[in-house]
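Notes for the one structure printed next.
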Amino acid sequence: MDQFEVKVFIRLRPSVLDPAGEAIKSASSKLGVAGIKSLRIGKMIEVKIESNEEDIKEKIDLLCDRLFANTVIEDYEYSINKL
């Protein structure tokens with residue numbers, strides 16, 4: 001079995017209001033940082049996992065769909081690097 005490092009990026013779907021992102025956008029403006037048109041908050045999860053190369057995507061999709069993300073309101077994407 002090979003070892004992989006997977007970085008999963010999760011964020012609210014564009015159609016879902018992001019109150020935390022709006023709060024940070026507003027605070028940025030008050031700090032004098034102008035020009036921010038959109039700011040959305042997300043989360044990143046790092047996973048190191050042993051797997052066969054042909055099974056890794058299936059395993060990560062299962063984790064994302066059932067555990068990491070609320071797929072009703074969140075989207076995810078990931079990158080996989082073989083260690």
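Ranking Ile36, Ile60, Val47 by how far each Cα lies toward the positive end of the dipole of the chain (charges on Cβ) leaves Ile36 at the top.
Compute the accessible area per residue over the chain, keeping the other protein chains in place, probe 1.4 Å, unit Å². Accessible area per residue, the chain: 71 Å².
Sorted from largest to smallest, which semi-axis lengths in Å does the alpha carbon gyration tensor of region 39-83 give for its equivalent ellipsoid, taking the root of 5 times each eigenvalue? Before the final figure, lay out each step's value.
Values: eigenvalues 91, 32, 12 Å².
Calculated on Cα positions only, the semi-axes equal 21, 13, 8 Å.
Restrict the search to region 13-42; then list the trypsin sites (Lys or Arg not before Pro) that DSSP places in a loop and that have at most 12 other Cβ atoms within 10 Å of their Cβ. Here the sparse-neighbourhood loop sites are Lys37. Adding -39500 (n - 2.57) for every DSSP H run of four residues or longer, then dividing by how many residues the chain holds, sets the calculated 222 nm ellipticity at -7000 deg cm²/dmol.
The modelled label-to-label distance between Asp75 and Asp2, using points 7 Å beyond Cα along the C-beta direction, is 2.7 nm. Annotation note: GluC sites (Glu not before Pro) in the chain located in DSSP loop regions with a Cβ neighbour count of at most 14 within 10 Å are Glu53, Glu54. Over all pairs of different C-alpha atoms in the chain, the reciprocal of the mean inverse distance, the Kirkwood hydrodynamic radius, equals 14.5 Å. Relative contact order for the chain: 56 percent, from Cα pairs under 8 Å spaced at least 6 residues apart, divided by residue count.
Evaluated with a Cβ-only charge set (Lys, Arg +1; Asp, Glu -1), the chain carries a dipole of roughly 700 debye about its Cα centre, given to the nearest 20.
Put Phe4, Phe9 in order of accessible area, highest first, and with a 1.4 Å probe you get Phe9, Phe4.
The values are calculated or read from the model by the stated rules, or taken from the named source; none is laboratory data. Since this is a predicted model, take the numbers as computed values, not measurements. Neighbour counts are summed over all protein chains in view; Cβ atoms, including those assigned to glycine, are modelled from backbone coordinates with ideal geometry. Surface areas here come from the heavy atoms of the whole protein model, side chains and all, with no ligands, DNA or RNA. Shrake-Rupley method; radii C 1.70, N 1.55, O 1.52, S 1.80 Å.
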